[in-house]
Amino acid sequence: PMIFVFGSNQAGRHGKGAALYARQHHGAEYGVGEGMTGNSYALPTKDEYMRTRSLRRIKRSVDRFIGYASDNPSLQFEVTKVGCGLAGYNEEDISPMFKDAPSNCVLPGGW
């Protein structure tokens, strides 16, 4: 199955946007702010207080995700435009973070 990669918050309160969709349709677990649950991977773009995380901290989480995807080549990952909705970043801020994503990651158009 395709793993749905979405922007989350570190508290794992998946209440809006792609996070809510992931909880309703892909088994994202409430309270888990980063990593795999169900057929989803939470990538935190906001902290536990719902404040937007710095690009540097988001990059660290993206790097962990890329490592996970690389270590699990049998899985396919559908990456959403993490950080570009509720977190408020532009695609130009986020898309370069995925330049080293392995081939089992399906990136948004233009990334």
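The values are calculated or read from the model by the stated rules, or taken from the named source; none is laboratory data. Keep in mind that this is a model prediction, so the values were computed, not measured. Note that each Cβ is placed from the backbone with ideal geometry, even for glycine, and that neighbours are counted across all protein chains shown. Heavy atoms of the whole protein, side chains included, go into the accessibility calculation; ligands, DNA and RNA do not. Shrake-Rupley method; radii C 1.70, N 1.55, O 1.52, S 1.80 Å.
Whose amide H sits under 5 Å from the amide H of Ser40, counting only residues 5 or more places off or on another chain, with H placed in the peptide plane?
Phe4
Ordered by residue, what ³J(HN,Hα) values in Hz, to whole numbers, does the range 46-53 give under the Karplus form 6.51 cos²θ - 1.76 cosθ + 1.60, where θ = phi - 60° and Gly and Pro are x?
3J(HN,Hα) across the range 46-53, in whole Hz: 10, 7, 5, 9, 6, 8, 4, 6.
When the accessible area of the range 1-47 is computed with all protein chains present and a 1.4 Å probe, what percentage of it is carbon and sulfur? List each step's numbers first, then the result.
Numbers: 980 of 2030 Å².
For the range 1-47, the apolar C and S fraction of the accessible surface comes to 48 percent.
Give the dimensionless ratio obtained when the Cα radius of gyration of the chain is divided by 2.2 N^0.38 Å. Can you show the working numbers first?
Details: Rg = 12.4 Å, N = 111, 2.2 N^0.38 = 13.2 Å.
Dividing the Cα radius of gyration by 2.2 N^0.38 Å gives 0.94.
Per-residue HN-Hα couplings for the range 33-38, Karplus 6.51 cos²θ - 1.76 cosθ + 1.60 at θ = phi - 60°, whole Hz, x for Gly and Pro?
x, 8, x, 7, 8, x
Starting from the amide H of Gln76, placed 1.01 Å from N in the peptide plane, find each other amide H under 5 Å away whose residue is 5 or more places distant or on another chain.
The list, which skips near neighbours in sequence, is Ile3.
Please report, to two decimal places, log10 I(q)/I(0) for the range 23-80 at q = 0.13, 0.19, 0.24, 0.25 Å⁻¹ as given by the Debye formula with identical point scatterers on the Cα atoms and no solvent.
Rounded to two decimals, the profile gives -0.35, -0.73, -1.08, -1.14.
Below 8 Å between Cα atoms, with a sequence gap of 6+, how large is the relative contact order for the chain in percent?
Answer for the chain is 27 percent.
What FRET efficiency would be calculated for the residue pair Tyr30, Val106, taking the C-beta separation as r and a Förster radius of 22 Å, to the nearest 0.05?
0.30
Just Arg64, Arg56, Arg13 to compare: in a GNM of the chain, with alpha carbon springs under 10 Å, which one fluctuates most?
Arg56
For Arg53, list long-range residues whose amide hydrogen, built 1.01 Å from N in the peptide plane, is under 5 Å from its own amide hydrogen.
The answer is Lys46, Asp47.
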